[in-house]
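These notes concern the structure reproduced below.
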Amino acid sequence: MGTHKIAVIPGDGIGAEVIESGVKVLETLASRDTSLDFHFERFNWGSARFLDTGQMMPDDALQTLKSFDVIYFGSAGDPRVPDHISLWQLRLAICQGLDQYANYRPARLLRGLTSPLRDVTPEDVDWIIVRENSEGEYSGAGGRVHTGLPLEVATEVSIFTRTGAERIQRFAFDLAGKRPRKKLTLVTKSNAQRHGMVLWDEVFEEIRGDYPAIQTDRVLVDAMAARFVTDPASIDVVVASNLHADILSDLAAALSGSLGLAPTANLNPEREFPSMFEPIHGSAFDIVGRGIANPLGAIWSASLMLDHLGEAQAAAQIMSAIEKVAADGTALPRDLGGQASTADVTEAVCAVL
Ligand code: NAD
Ligand code: MN
């Protein structure tokens, strides 16, 4: 398949720790398979750079990234920088700027791991959350007026476009069609959010006739949070807005074992721009620098990245190595109930490969 050009942005906190694990796994794979070739280029964008220069990444960052096939990302967030600056100047700037509107978030209970849910099997906990990743509640629209005065006002304006709703919902329908159960749940909050979320419902009703093989339902987000706990087996693919899916996917990750396990792909499905792969977790200030972060979410994300690059077999090899480490149970990180360090877990995955 030629050489894959990968922009590596380790970023902040444990993001940087787990991304090195993922790179090591990819290098191990390439060293054993002569048809696989990666060119990694690292970018030291993040909070340290912000503290030096006032910018998380340079002005021409998006231009630079456009010359890569994919982006492999750690996390944005550091206790010394306000979160809304670190996140917006780095991760959200990339997602919006490269129109990575489809955020793909699988959550599976791997055999050998324990869910906080009682009596569930890996068949019950096998979900994909599709998150609208370019607008909605995280559009960045709004502002502050009368700053610092008692009459200060802040607006946080959600932007829901018909194009945005339709393209993400069609993405989710197509995805559901490739899954054995072919179920898609639309999650909104159209009883209370009576403009944008109603538009989402209407678009769903308009397009679902195009997908006769897909079984659909509609659930409000608060009820959906409960359903993840009370009836996990009823869930297959879920599509929701930027905020709602953000929250539901941390819940889904925790129910599948740990936030440290969950991967994500920020996709530009039309491939006009590179897509970005990252664990769903953040910088984890409470465990940073201790070498105990779970690297499996980052490693799983590397598997999603290989799939996107057309390397299905290599992607499957990483996934089955993760599954073997989970099933074996001797090299589990602390968040999954074991004692293994980040390096031990990485080593165990590489050893299987
Ligand atoms: P977080 O995901 O960093 O941490 C939440 C909890 O989960 C913590 O207790 C942490 O120790 C644990 N955890 C997360 N990943 C883990 C792993 N791999 N192994 C073991 N435990 C893990 O969320 P937060 O605390 O809300 O955010 C911290 C910072 O990260 C903030 O600055 C936030 O803005 C940023 N953040 C960035 C991204 C991103 O760039 N994609 C995503 C989420 C949060
Ligand atoms: Mn999140």
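The values are calculated or read from the model by the stated rules, or taken from the named source; none is laboratory data. Values in this document were obtained by computation on a predicted structure and should not be read as measured data. Heads up, the Cβs are rebuilt from the backbone with ideal geometry, glycines too, and the neighbour counts pull from every protein chain shown. Please note that ligands, DNA and RNA were not included when accessible areas were found on the heavy atoms of the full protein model with its side chains. Shrake-Rupley method; radii C 1.70, N 1.55, O 1.52, S 1.80 Å.
The table that follows gives values for the structure above.
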{"quantity": "Residue match in the stretch 42-52 (condition: polar (S, T, N, Q), free of Cβ contacts under 8 Å to residues at least 60 places away in the same chain and touching a Lys or Arg at 6+ places or on another chain (Cβ under 7 Å))", "calculated": "yes"}
{"quantity": "Members of the stretch 1-39 that are away from ligand 1 (no atom under 16 Å from the Cβ), surrounded by fewer than 19 Cβ atoms within 10 Å (Cβ to Cβ) and either basic (Lys, Arg) or under 21 Å from the mean Cα position of the chain (by Cα) (or both)", "calculated": "LYS5, ARG32"}
{"quantity": "Conditions (1) within 16 Å of ligand 2 (Cβ to nearest atom); (2) of a type outside the set (D, E, K, R); (3) outside the structural domain of MET197 (by TED's automatic domain parsing): number failed by ILE299", "calculated": "(1)"}
{"quantity": "Residues that are surrounded by fewer than 23 Cβ atoms within 10 Å (Cβ to Cβ) and over 15 Å from ASP307 (Cβ atoms), drawn from the stretch 269-283", "calculated": "GLU270, GLU272, PHE273, GLY282"}
{"quantity": "The stretch 262-295: number of residues that are over 12 Å from the mean Cα position of the chain (by Cα), aliphatic (A, V, I, L, M) and either within 14 Å of ligand 2 (Cβ to nearest atom) or not in a loop (DSSP other than H, G, I, E, B) (or both)", "calculated": "1"}
{"quantity": "Any hit, the stretch 127-143, residues being surrounded by fewer than 22 Cβ atoms within 10 Å (Cβ to Cβ), assigned to a loop (DSSP other than H, G, I, E, B) and either touching a Gly at 6+ places or on another chain (Cβ under 7 Å) or not assigned by TED's automatic domain parsing to the domain that holds GLU323 (or both)", "calculated": "no"}
{"quantity": "Boolean, ARG49 is within 23 Å of LEU259 (Cα to Cα), open to solvent by 10 Å² or more (accessible area, probe 1.4 Å) and not aromatic (Phe, Trp, Tyr)", "calculated": "no"}
{"quantity": "Wholly within the stretch 296-353, helices (runs of 4 or more DSSP H) carrying at least 2 residues that are open to solvent by 10 Å² or more (accessible area, probe 1.4 Å), within 15 Å of ligand 1 (Cβ to nearest atom) and of a type outside the set (Phe, Trp, Tyr)", "calculated": "342-352"}
{"quantity": "Meets criteria (free of Cβ contacts under 8 Å to residues at least 60 places away in the same chain and either under 20 Å from the mean Cα position of the chain (by Cα) or under 28 Å from ALA252 (Cα atoms) (or both)) for THR147", "calculated": "no"}
{"quantity": "Close pairs from the stretch 13-26: first touching a residue at least 40 places away in the same chain (Cβ under 8 Å), partner surrounded by fewer than 24 Cβ atoms within 10 Å (Cβ to Cβ) and of a type in the set (D, E, K, R), Cβ under 8 Å, at least 6 apart", "calculated": "GLY13/ASP78"}
{"quantity": "Looking only at the stretch 250-261, and only at residues there that are away from ligand 1 (no atom under 11 Å from the Cβ) and open to solvent by less than 10 Å² (accessible area, probe 1.4 Å), the one that is nearest to the chain's Cα centre (by Cα)", "calculated": "ALA252"}
{"quantity": "Entirely in the stretch 177-261, the strands (runs of 3 or more DSSP E) that have 2 or more residues that are touching a residue at least 24 places away in the same chain (Cβ under 8 Å) and within 16 Å of ligand 2 (Cβ to nearest atom)", "calculated": "237-240"}
{"quantity": "Check on ILE247, within 16 Å of ligand 1 (Cβ to nearest atom) and either touching a Gly at 6+ places or on another chain (Cβ under 6 Å) or of a type outside the set (D, E, K, R) (or both)", "calculated": "yes"}
